[in-house]
1. Measuring with a 1.4 Å probe in the full set of protein chains, what accessible area per residue, in whole Å², belongs to the chain?
2. Could you sort Met47, Met82, Met20 by their accessible area in this structure, using a 1.4 Å probe and putting the largest first?
3. When the accessible area of the chain is split by element with a 1.4 Å probe, what percent falls to carbon and sulfur?
4. To the nearest 10 square angstrom, what accessible area does Ile107 show with a 1.4 Å probe?
5. Take the residue pairs Lys22/Lys136; Lys57/Lys111; Lys111/Lys136; Lys19/Lys127; Lys116/Lys136 and return only those whose Cα atoms are more than 30 Å apart.
6. Once amide H atoms are built 1.01 Å from N in the peptide plane, which residues 5 or more positions from Val104, or in another chain, come under 5 Å H to H?
7. Among the DSSP beta bridges whose two residues both lie in the chain, what percent are antiparallel, rounded to the nearest 5?
8. Let me check against my output: what whole-number percent is the relative contact order of the chain, with C-alpha pairs under 8 Å and at least 6 apart?
Amino acid sequence: MPHSIHICTDCSRSLYKSKMPKFALANNLYRGELPEQFADLTWVEEMVCAIYHTSAKVTRLYGSSDPSQPRIFHGNTCAHDMNVISTAELLPRTPTDVNGLLSVVFIGPQKFDPAKVGSLFRVRREKILQFLLWLKAHNVLYRDIPIELSILEDFPSDGPLPGLLERVIY
């Protein structure tokens, strides 16, 4: 039985022209394993450091109706493809940029308090900086993108993404 391999249209076109596909592992774009120090990166911190965004995230959270359990939540986050790609010219992205890609639908008896949802929307200024420095040193796509240190001051040392409350729908 012959073996078959499935590849995307872009890669197929490149190979047909005897060219290396742009995102081939041979182009040193293999992400591989992240160092242990980044094992606890949150999804929001990754968004802050990403060059490209092709989706917007909508988080639906249900708060507990039991007053004795105000920190109990359940819900989900869905990614929705955008018809445009957001490309950063400098990093990190500002809190406003990231919030433009997020919405929170909150259902519960009290107002949404980002401080009560633990690490769900957590960002850490130093973690963001260290990750960007590592990306610049280890990923060719980040090499020429400037890091704007003044933007880092817009993030807490450890806390919820600033401006998130403006993205909440009740």
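The values are calculated or read from the model by the stated rules, or taken from the named source; none is laboratory data. These numbers come from a predicted model, not from an experiment. All Cβ positions, even for glycine, are placed from backbone atoms using ideal geometry, and neighbour counts span all protein chains on display. Side chains included, ligands, DNA and RNA excluded: accessible areas come from the protein's heavy atoms. Shrake-Rupley method; radii C 1.70, N 1.55, O 1.52, S 1.80 Å.
1. Values: 11100 Å² over 170 residues.
The answer is 65 Å² per residue.
2. On the way: Met47 10, Met82 55, Met20 105 Å².
My answer, sorted largest first, is Met20, Met82, Met47.
3. On the way: 6020 of 11100 Å².
Carbon plus sulfur share of accessible area: 54 percent.
4. We get 80 Å² for Ile107.
5. Working: Lys22/Lys136 19 Å; Lys57/Lys111 21 Å; Lys111/Lys136 40 Å; Lys19/Lys127 38 Å; Lys116/Lys136 34 Å.
Checking Cα-Cα distances, Lys111/Lys136; Lys19/Lys127; Lys116/Lys136 exceed 30 Å.
6. Here the answer is Thr59, Val168, Ile169, since their amide H atoms fall under 5 Å of that of Val104.
7. Numbers: 13 of 22 bridges.
Here the share of antiparallel DSSP bridges comes out near 60 percent.
8. On the way: 237 pairs, mean separation 41.9, N = 170.
Computed over the chain, the figure is 25 percent.
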